[in-house]
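Heads up, the thing below is written out as structure tokens.
The values are calculated or read from the model by the stated rules, or taken from the named source; none is laboratory data. In this text, all values refer to a predicted model and were calculated from it rather than measured experimentally. Cβ placement follows ideal geometry from the backbone for every residue including glycine, while neighbour counts extend to all protein chains displayed.
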């Protein structure tokens, strides 16, 4: 899943966020950054990506569910207030996480 926005819309993609963090500059506080952060945390909790500090993968289904539920709450609280790109990003991330959660709990 790529959220890079090279279309000049002002959205900040994952590559731009990583570059900013590596350079010591805090990434901008955007809706996209918040959603990407929750997505990354959920993927770590599902054991899909390693923790960047420990380099270890660890599964914690309850924590993954918490992040998925947090994204659902965010969707409900922002309904009608998102741009088309923000809505699409949130929808795609939730879909991916729900599928991976089901696969991971079988």
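Structure values in brief
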quantity	calculated
Single condition residue 82 does not satisfy, out of (1) farther than 28 Å from residue 22 by Cβ; (2) part of a helix (DSSP H, G or I); (3) touching a helix residue (DSSP H, G or I) at 6+ places or on another chain (Cβ under 9 Å)	(2)
Lone qualifier among 73, 44, 21 - being at pLDDT below 80 and either in contact with a helix residue (DSSP H, G or I) (Cβ under 8 Å, 6 or more places away or on another chain) or assigned to a helix (DSSP H, G or I) (or both)	21
Pairs where the first residue, in region 85-98, is under 16 Å from residue 37 (Cα atoms) and the second is at pLDDT below 95 and not in a helix (DSSP H, G or I), C-beta under 8 Å, 6+ apart	89/3; 92/1; 93/1; 96/1
Enumeration of residues in region 52-62 that are out of contact with any strand residue (DSSP E or B) (no Cβ under 8 Å at 6 or more places or on another chain) and either surrounded by 15 or more Cβ atoms within 10 Å (Cβ to Cβ) or not in a helix (DSSP H, G or I) (or both)	52, 53, 54, 55, 56, 57, 58, 60
Candidate set from region 21-51 (those that are without any contact (Cβ under 8 Å) to a residue 12 or more places away in the chain and more than 20 Å from residue 68 (Cα to Cα)); member that is surrounded by the most Cβ atoms within 10 Å (Cβ to Cβ)	21
